[in-house]
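Some notes on the structure that comes next.
Every read-out reported here was derived from the displayed coordinates using simple, explicitly stated rules and does not represent laboratory data. Keep in mind the model is a prediction, meaning the values are calculated, not measured. Cβ placement follows ideal geometry from the backbone for every residue including glycine, while neighbour counts extend to all protein chains displayed.
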Amino acid sequence: MKNLIRINIGLLIAFALFGCQNWFDIENKNTIEEREFWKNEQEAFMGLMASYSGLQNHGSMGGNSAAQMPTRSDIGRPSIWNDQYVELSKLLFNDNTSIVKLKWADLYTTILRANQVLDRVPDIIEISDESRELFLAEAHFIRGICYYWLYSTYNHGSVILHTTVAQNKEEIAKPLSPKEEVLELIIRDLTYAQERLPETWEDKYKGRATWGAATAFLGQVYINEHEYVKAQNEFKMIIDREDLYQLTSDISWNFDKEHEFNSESIFEVSFSDTQKPNGGGVIVDGPTGTEGTRRGVFLAPSGANGNRLSMPSYWITMLFQKDEMDPTDPRNDGLTHSLRSQYSIVMADDDFDYYQKEPRDVHGTFKNKESSYLRKFQNWWDEYEALGTKTVSGINERVIRLADVYLLYAECLIKNNGSAGTFEAVHYINRIRTRSAVMPLDHNEYNTAEKLMDHIMYVERPLELMFEGHDTRWIDMRRWGKIKEQYDRLAKKKYYMNKQILYELPEDATEGPNGEAVIQEFQDASASYTPDYHNYFPIPIDEVLSNPNL
């Protein structure tokens, strides 16, 4: 699908997004007006691709969102020099915070484009019935997931609903809808898509929404509403389709460019570093924008042409260090850390090269008490990346993959069946662990609902899914009601670094064994966290000031 989003639709679609001439005092004779567009199947397809391209934007699944949002949770820590990341990690965000405004604007832009498809495609004469039905199903899917992300992110789920293209300022300035109405629209959109989308696409169309993508998103919606029976049913439909979805044999295939759209991928957002390479890393419509993501530049260390704006937290770095390797698996011979660890983060004593060097020899790494960096979704294998020849990455964002569904399904088994559900849940967890040569769980040890849920919450999901999806970790912690408890627990932990390696100390320690300085994290978040204020972003100030109905 990368070749689909690359279509230069800017000149045709950008004007269609603002097609109501009564908003302007002077008509621009050089524009392509909306009435001149949406005439045939090709133009309908271009409009649909404009909707998909909205998912690339920085506020939806693009670089800013992918790099910055994890610092609001227990898995990310910011660089010391970037205020935006530091403020998010300390829960100092407000209605004027950059990411709060950017995410709102980009998601509603994408909703507008999907609504254009839904409004105009039914009236197009020069289009086949099959294409019309598919385009509408895809537009419902895109609108559904954008509203799901808004619902999951802002104002406890109460946001503005736009189900048609506004024809005047009054229709734009709508009041907030109750969260129940927003949820109803999300489920209706995703169900519509689920019932009409194909199970697969031919290779040239890979990346377009499928039945599996709509089903997996429905499962996510239900589990976050604590509708565990409904969620389990949706996830089970995915799991039962082994002809469509299987875990990859190598976990790294989920994070690189070579193995995109693999058997484990359920939905991913496409990026390219070869289309419009001179776009300067800014994703905008037309020839001046890029089709790449800035995630790589934002997260790589300076010696690899990066800004290291966000890094794995000390807590999850230690968790990766403790990821227990299976001594009977020959893939672990001679390794210091697990395969899952080494394909997710980089530490100074890793076994793999990092940008063609030993990790500790990459210039600009492991200073300022930085204990690890992200390997996942990075071009760490590319020697040219470190030479500064690339400003964007073409690695797709995997939004949902089968391992995520396995873990969510295991959670449903426990919630619906208590300890009786642990045997089957352990089976699916062990599929994930075995894939990465990690020691399988012993069901005799994890045979109670409480113990296995603790493992899912504080070991398996953070290790497997760190920095993935749309704000996955924060939404998980909020669903479990564990944000405050986790912040308080982690704020007490103490660490020190020796020869660029992180070690943990007892809570009563005042220095390391050789006088090393004690380092800690999450004290500010622990002290300031208030559920009513911090669980969701507020409505952005731009919307409040411009909308008289708020």
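Structural remarks
- For the chain, a Kirkwood hydrodynamic radius built from all Cα pairs, placed in the Stokes-Einstein relation at 25 °C and 0.890 mPa s, yields a translational diffusion coefficient of 101 µm²/s.
- Relative contact order of the chain: 18 percent, from C-alpha pairs under 8 Å at least 6 residues apart in sequence.
- Taking amide H as placed 1.01 Å from N in the peptide plane, MET325 has its amide H under 5 Å from the amide H of MET439, each at least 5 places away in sequence or on another chain.
- Here the alpha carbons of the range 479-550 define both size measures, Rg and Dmax, at 19.0, 62 Å.
- Couplings 3J(HN,Hα) for the range 173-179, derived from phi with the Karplus relation 6.51 cos²θ - 1.76 cosθ + 1.60 (θ = phi - 60°), are 7, 8, x, 5, 9, x, 4 Hz, where x marks Gly and Pro.
- Close amide H partners of TYR373, meaning residues 5 or more places away or on another chain with modelled amide H under 5 Å apart, are VAL346.
- Neighbourhood charge, 11 Å Cβ-Cβ cut-off, centred on ALA166 and excluding it, Lys, Arg +1 and Asp, Glu -1: -1
- Restricting the range 436-483 to GluC sites (Glu not before Pro) in coil, as DSSP defines it, with at most 12 other Cβ within 10 Å: GLU445
- With contacts taken as Cα pairs under 8 Å at a separation of at least 6 residues, the range 41-225 carries a relative contact order of 19 percent.
- 3J(HN,Hα) from dihedral phi, the range 345-357, Karplus parametrisation 6.51/-1.76/1.60, rounded to Hz, x for glycine, proline: 9, 10, 10, 5, 9, 5, 8, 9, 5, 10, 6, 6, 9
- Between helix 211-224 and the chain: long-axis angle, C-alpha atoms, 0 to 90°, nearest 10: 60 degrees
- Cα shape, the range 308-415, gyration tensor, a/c 1.5 rule: prolate
- Once the Cα atoms are used to define both axes, helix 129-153 deviates from the longest principal axis of the chain by about 50 degrees.
- Folded to 0 to 90 degrees: helix 228-239 orientation relative to the chain principal axis, Cα: 90 degrees
- Taking 7 Å steps out from each Cα toward its Cβ at ILE239 and THR163 produces label points 3.4 nm apart.
- Cα extents for the range 409-550 along the principal axes, largest to smallest and rounded to whole angstrom: 59, 49, 25.
- Built amide H within the under 5 Å cut-off of ARG401, gap 5+: ILE266
- Neighbours of LYS451, meaning other residues whose beta-carbon lies under 12 angstrom from its beta-carbon, give a summed charge of -4 when Lys and Arg score +1 and Asp and Glu score -1.
- Summed side-chain charge close to LYS499 - residues other than LYS499 whose Cβ falls under 9 Å, Lys, Arg +1, Asp, Glu -1: 0
- Grouping the Cα pair distances of the range 77-125 into 10 Å bins from zero gives a pair-distance distribution of 23, 30, 20, 15, 10, 2 percent in increasing distance order.
- A full extension of the chain between GLU504 and LYS369 corresponds to an added length of 47.2 nm, given 0.36 nm per residue minus the alpha carbon distance.
- Cβ-Cβ FRET estimate between GLN246 and ASP329, R0 fixed at 25 Å, reported to 0.05: 0.80
- Where only C-alpha atoms are counted, convex hull volume of the range 41-225 per residue in Å³: 138 Å³
- Computed on the range 294-391, with alpha-carbon pairs under 8 angstrom and 6+ residues apart, the relative contact order is 33 percent.
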